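Data first, discussion second: the structure below is written as structure tokens.
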Amino acid sequence: MNSGTLAQELCSSGKFAIKILMLLGFYDCHDTLERLDDYLDRELSPGEQRQVKIHLAICFKCAKLHRFERGFIDDVRAKLEHVEAPPELIVNIRQSLQAIEE
Ligand SMILES: [Zn+2]
């Protein structure tokens, strides 16, 4: 493999951009994946949130995983929104709350 081909491969896969960002103190794949769940739950500090966002914008591998996890969470959320509580459960909860208040 000559250097031209290698440079092309690094650029096309985003690895070159990631290396540059790492040198500038930005997150690598490990740093990003470690924080992905908290990123999805919006539990990171604004600085960490930004770092993960930048990495996801340039790293195909992490972005793919992020899309998968995001899609999974959205699916679960959509399914939960369509589940109705049985009427007897609602009555039981209301009675329990009244019992606590009395
Ligand atoms: Zn990555």
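Residues of the stretch 42-85 being within 15 Å of the ligand (Cβ to nearest atom), without any contact (Cβ under 8 Å) to a residue 24 or more places away in the chain and not charged (D, E, K, R), which ones?
Of everything in the stretch 42-85, those that are within 15 Å of the ligand (Cβ to nearest atom), without any contact (Cβ under 8 Å) to a residue 24 or more places away in the chain and not charged (D, E, K, R) turn out to be Ala57, Ala63, Phe68.
Give me the residue from the stretch 74-102 that is closer than 30 Å to Asp31 by Cβ and of a type outside the set (Val, Ile, Thr) and, out of that set, modelled with the lowest pLDDT.
This residue is Arg77.
Mind listing just one residue for me: the one in the stretch 25-73 that is among the hydroxyl-bearing types (Ser, Thr, Tyr) and either touching a strand residue (DSSP E or B) at 6+ places or on another chain (Cβ under 9 Å) or surrounded by 11 or more Cβ atoms within 10 Å (Cβ to Cβ) (or both) and, of those, modelled with the lowest pLDDT?
Within the stretch 25-73, the match that is modelled with the lowest pLDDT is Tyr27.
Among the residues of the stretch 42-67, write down those that are farther than 20 Å from Lys19 by Cβ and more than 9 Å from the chain's Cα centre (by Cα).
If the condition is that a residue be farther than 20 Å from Lys19 by Cβ and more than 9 Å from the chain's Cα centre (by Cα), then Glu43, Leu44, Ser45, Pro46, Gly47, Glu48, Gln49 are the ones that fit.
Just for the stretch 32-41: of the residues that are among the hydrophobic types (A, V, I, L, M, F, W, C) and within 20 Å of Lys19 (Cα to Cα), which one is farthest from the ligand (Cβ to nearest atom)?
In this case the residue turns out to be Leu36.
The values are calculated or read from the model by the stated rules, or taken from the named source; none is laboratory data. Note that this is a predicted model, so its numbers are computed, not measured. Please note: Cβ atoms are built from the backbone with ideal geometry, for glycine as well, and neighbour counts cover all protein chains shown.
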